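Input: one structure, supplied below.
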Amino acid sequence: MLAPLRDYFSPKEPLSSPLLCTTKEHYFRRLSVNIDPDQPGFNEARWITSEDVNVEHLLDIFTSIDASSAGVWNACVNFMDHLYWHKPRLVVLGPKIDGLPNDHPSKPECLFGLSQSFQSVGNRVEQKRAITLALKLWRERGDNLWVAQTLRLLSNANQMLGLHEEGIAQAKEALGIYEQLDKEFGQALSLRDLAYLFHDDGQLDAAEEAASRAINLSAEDDQFTLCDCYHLLGKICRSRGETEKAINHFETALGIASSFNWNYSLFWIHYDLVLLFLDKDRFDDAQVAVERAKSYAINNPLLLGRAAHLQACLWYIQFRLEEAKSEALRAADIYESLGAAKDVEDCRDLLQDIEEEI
């Protein structure tokens, strides 16, 4: 691991230092690696987990030297993408991105990346703010492909904020754009997004139809979308009380996610298995699934908070009130540190219920 860049040169050293330029090229080259989750570059990009501070320090320097440089801002976008997948956290670059003039060529893409940064820590309000501005800029520039991508991310933010009608409208608009552009990959993603929104809105038949269409449109090598869709089919079956069918779909999703070591997906599939087992009072099975979920939450603060929250719920149901209170307080502390307001509120509601039973 390289030392922080401030250890390589003094503040008085010229910013054109060959050492600094060489370090810049080294990191920029590594940031260009393809990190699509079902492609080989995804695993190669894990280097970011140990060198993220170095990279961010470097980017902070170069965005200060020349804020008009498209190459530096493209590197910032790639950096935020790497963090999103491998080390979810906020970035110090946010104020600089917000401060870019709206006509800066890199601003909408940087806002897109910044919104994903907020998403990864559960701050949906800030996620929506950033992505709404990015959408406005992409519309002004007439880039329909980026408009569709941004609409998808905005629909996701609205889903998590409980604004299902708004999210469904945005996902449908994205789907229509992808259909006009004849982009089947984008259509599959939009249908997957629609399926999740329909499910959360209680429209189970529409959710199942959209998920099935997404599976049919997904290319054979698009395992990530397939994993998501089978996961969702499991959630739909759970909502209908079809336990065995739900477990079969969850196991299919687990098989895909395990083959690619997708910790984020593995966490959420086990999370939903916990809820399924709780429906049937299968507390031992639920505890096993909680422990497995915890094992996939490492290095992801938001997931660690969700795991603690889930454990607190399980212990509360089992009337292990002091243990439940301790875990709920830990989850609330994590959420508060991340700015995940909705999760804090949910956790406080659980704590109130626990206190009333003690």
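The values are calculated or read from the model by the stated rules, or taken from the named source; none is laboratory data. Keep in mind that this is a model prediction, so the values were computed, not measured. Backbone-built Cβ (ideal geometry, glycine too); neighbour counts: all protein chains shown.
Checking W138 against (1) touching a Phe, Trp or Tyr at 6+ places or on another chain (Cβ under 6 Å); (2) surrounded by fewer than 18 Cβ atoms within 10 Å (Cβ to Cβ), which test does it fail?
Of everything listed in (1) touching a Phe, Trp or Tyr at 6+ places or on another chain (Cβ under 6 Å); (2) surrounded by fewer than 18 Cβ atoms within 10 Å (Cβ to Cβ), W138 misses just condition (2).
Please identify the pairs in which a residue from region 91-106 that is of a type in the set (G, A, S) has its Cβ atom under 8 Å from the Cβ atom of a residue that is assigned to a loop (DSSP other than H, G, I, E, B), counting only partners at least 6 apart or on another chain.
These pairs meet every condition: S106/L100.
Okay, moving on. Among the residues that make up region 70-90, is at least one of them closer than 26 Å to E140 by Cβ, at pLDDT below 90 and not in a helix (DSSP H, G or I)?
No, region 70-90 has no match at all.
So which of S337, S239 is hydroxyl-bearing (S, T, Y) and under 30 Å from F185 (Cβ atoms)?
Selected residue: S239, the only one of S337, S239 that is hydroxyl-bearing (S, T, Y) and under 30 Å from F185 (Cβ atoms).
Checking the structure you have, find out if any residue of region 253-274 is buried (at least 16 other Cβ atoms within 10 Å of the Cβ), more than 14 Å from L226 (Cβ to Cβ) and of a type in the set (S, T, N, Q).
yes
Pick from R238, R292: which is outside the structural domain of E357 (by TED's automatic domain parsing) and closer than 23 Å to Q159 by Cβ?
The conditions single out R238.
For region 219-252, name all the residues that are among the charged types (D, E, K, R) and either in a helix (DSSP H, G or I) or touching a Lys or Arg at 6+ places or on another chain (Cβ under 9 Å) (or both).
Scanning region 219-252 gives D228, K235, R238, E244, K245, E251.
Still on this structure: Mind listing just one residue for me: the one in region 155-214 that is charged (D, E, K, R) and not in a helix (DSSP H, G or I) and, of those, nearest to R124 (Cα to Cα)?
Only one residue fits best here, namely D201.
Across region 100-125, what is the number of residues that are within 14 Å of the chain's Cα centre (by Cα) and either assigned to a helix (DSSP H, G or I) or among the acidic types (D, E) (or both)?
10
Among all residue pairs at least 6 apart or on different chains, which show Cβ distances below 7 Å where the first residue, located in region 107-123, is in the same structural domain as A307 (by TED's automatic domain parsing) and the second is crowded, with 23+ Cβ neighbours inside 10 Å?
none
Of all residues in region 74-121 being touching a Phe, Trp or Tyr at 6+ places or on another chain (Cβ under 6 Å) and of a type in the set (S, T, Y), which is nearest to D343 (Cα to Cα)?
Ranking the qualifying residues of region 74-121, first place goes to S120.
Moving on. Please work out if L59 is within 24 Å of E336 (Cα to Cα), modelled with pLDDT of 85 or more and assigned to a helix (DSSP H, G or I).
Criteria not met by L59.
Between a residue in region 321-350 that is outside the structural domain of S117 (by TED's automatic domain parsing) and surrounded by fewer than 22 Cβ atoms within 10 Å (Cβ to Cβ) and any residue that is in a helix (DSSP H, G or I) and of a type in the set (K, R), which pairs come within a Cβ distance under 7 Å, given they are 6 or more apart or on different chains?
Matching pairs, first to second residue: K342/R124.
Please work out which one of (1) at pLDDT below 95; (2) under 30 Å from F277 (Cβ atoms) is the condition A219 fails and give its number.
Of everything listed in (1) at pLDDT below 95; (2) under 30 Å from F277 (Cβ atoms), A219 misses just condition (2).
Let me ask something else about it. Identify all residues within region 253-305 that are among the aromatic types (F, W, Y), in a helix (DSSP H, G or I), under 18 Å from the mean Cα position of the chain (by Cα) and farther than 18 Å from D343 by Cβ; write none if there are none.
Residue satisfying the conditions is F260 alone.
If you don't mind, another one. Determine which single condition Q311 fails, assuming it passes every other condition in (1) at pLDDT 95 or above; (2) within 23 Å of L232 (Cβ to Cβ); (3) polar (S, T, N, Q).
Looking at each condition in turn, Q311 falls short on (2).
Under the condition of being touching an Asp or Glu at 6+ places or on another chain (Cβ under 9 Å) and among the polar types (S, T, N, Q), which residue from region 191-224 is nearest to Y264 (Cα to Cα)?
Applying the filter and picking the extreme gives Q223.
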